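Down below is the structure, laid out as C-alpha cells.
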Amino acid sequence: MSPFRRVWAAPAAIAVVSLIGLVVALLGDGLNDWISWIGLAVPLVVIVWARLKRRA
C-alpha cells in the first residue's frame, strides 16, 4: 500500500460516509433518517475512539 493511500484512506472513508449521511438526510424521511443519523455519527465515534486510544 502506498504511503499516500495509507495516510488518506481513513479520512476519505469518513468523508464519504458523512457525505452520504448528509445527502440521505435531505432526500427523505423514515428509514432515511436512521441512515443519516448513523452516517453523521460515524465521525463522532471515530473521534471518541481515537481520543480513548491515545490516552491508553
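The figures follow:
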| item | result |
| --- | --- |
| Matching residues in the range 19-51 - criterion: being in a helix (DSSP H, G or I) and farther than 21 Å from ALA9 by Cβ | VAL23, VAL24, ALA25, LEU26, LEU27, LEU31, ASN32, ASP33, TRP34, ILE35, SER36, TRP37 |
| The range 21-41, residues that are open to solvent by 50 Å² or more (accessible area, probe 1.4 Å) and under 9 Å from the mean Cα position of the chain (by Cα) | ILE38, LEU40 |
| Residues being open to solvent by less than 60 Å² (accessible area, probe 1.4 Å) and either under 12 Å from the mean Cα position of the chain (by Cα) or at positive phi (or both) - total across the range 42-54 | 3 |
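The values are calculated or read from the model by the stated rules, or taken from the named source; none is laboratory data. Given the structure is predicted, the values throughout are model-derived calculations rather than measurements. Positions of Cβ are backbone-derived with ideal geometry, glycine not excepted, and every protein chain shown enters the neighbour counts. Keep in mind that these areas ignore ligands, DNA and RNA; they rest on the heavy atoms of the full protein, side chains included. Shrake-Rupley method; radii C 1.70, N 1.55, O 1.52, S 1.80 Å.
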